[in-house]
Amino acid sequence: MKLFVWHTPELTPTDHLPDCAVAIDVLRATTTIATALHVGAEAVQAFSDINELMSKSEAWPLEKRLRAGERGGAQVEGCDLGNSPLDCTSELMAGKRLFISTTNGTRSLQRVQASATVMTGAMINRQSVVTYLLDKNPDTVWLVGSGWEGGYSLEDTVCAGAIVQGLISQGATVEVGNDEVIAAQSLYLQWEANLLELFHKSSHGQRLLRLNCHEDLRYCANIDLLDVLPIQKEPGVLVKL
């Protein structure tokens, strides 16, 4: 298994795709997606464009859909929800499709959606990603962080590093595809006992703290909390494996 870590979707190669791509946006899109499917959402459909989300979701009955829109950490007007995983309850989401568009994470998903296998990873479902990769052993794997508006994000890279470390510690034969793999693994090994502190130090973490999202950060920093793997069924549509 040859691993590549890309800090943002903009840094990925444009002339080819991997056998398996893992989109990562710990704060907070991929954490929200995993939580929504865990509590019983029928599927999560991701959009990079909020207007496309609004138009496509119109085709679904009102009682079977939820719209989640976030820009700059805040809820988009006209949407039912923002991007907080803490809003994902079984009472609200069971049997419904969550249509979601966020500042960063949904762009990362769109970049890799033509890959043979696409899934989402976060700290809370790290082990589910590792277990799938150990079982399927794809030839090439991209761990694609979402960053913030094209820039590097600590929390996405440390999550990629947690996946790398999980694979190695559980016996995977790993070939390092780029230097970012080693950097991500090293970051995780340095901070694995203090993930919440690292999230507080990150620029996006501080942005969320200014929006009083303290409990979101605490939740997102939980590692291996949920046994759920969001996997792409059709372009942009994720279901629970």
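Values for this structure:
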{"item": "Per-region count, the range 1-33, residues buried (at least 24 other Cβ atoms within 10 Å of the Cβ) and either under 12 Å from the mean Cα position of the chain (by Cα) or free of Cβ contacts under 8 Å to residues at least 12 places away in the same chain (or both)", "result": "13"}
{"item": "Residue match in the range 207-217 (condition: under 26 Å from Val164 (Cβ atoms), modelled with pLDDT of 95 or more, over 13 Å from the mean Cα position of the chain (by Cα) and open to solvent by less than 60 Å² (accessible area, probe 1.4 Å))", "result": "yes"}
{"item": "Residue in the range 78-123 that is farthest from Phe47 (Cα to Cα), counting only those that are at pLDDT 90 or above and of a type in the set (D, E, K, R)", "result": "Glu91"}
{"item": "Options Thr157, Thr173, Thr131: the member that is among the polar types (S, T, N, Q) and either closer than 18 Å to Leu27 by Cα or in contact with a Lys or Arg (Cβ under 8 Å, 6 or more places away or on another chain) (or both)", "result": "Thr157"}
{"item": "Ala36 being touching a residue at least 40 places away in the same chain (Cβ under 8 Å) and either in contact with a strand residue (DSSP E or B) (Cβ under 6 Å, 6 or more places away or on another chain) or closer than 17 Å to Arg107 by Cα (or both)", "result": "yes"}
{"item": "Selection from the range 47-80 of residues that are in a helix (DSSP H, G or I) and of a type outside the set (Ser, Thr, Tyr)", "result": "Ile50, Asn51, Glu52, Leu53, Met54, Lys56, Leu62, Glu63, Lys64"}
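The values are calculated or read from the model by the stated rules, or taken from the named source; none is laboratory data. Note that the coordinates shown come from a computational prediction; the quantities given were computed from them, not determined experimentally. Virtual Cβ from ideal backbone geometry, glycine too; neighbours counted across all protein chains shown. The protein model used for the area step is the full one, side chains on, heavy atoms only, and it has no ligands, DNA or RNA in it. Shrake-Rupley method; radii C 1.70, N 1.55, O 1.52, S 1.80 Å.
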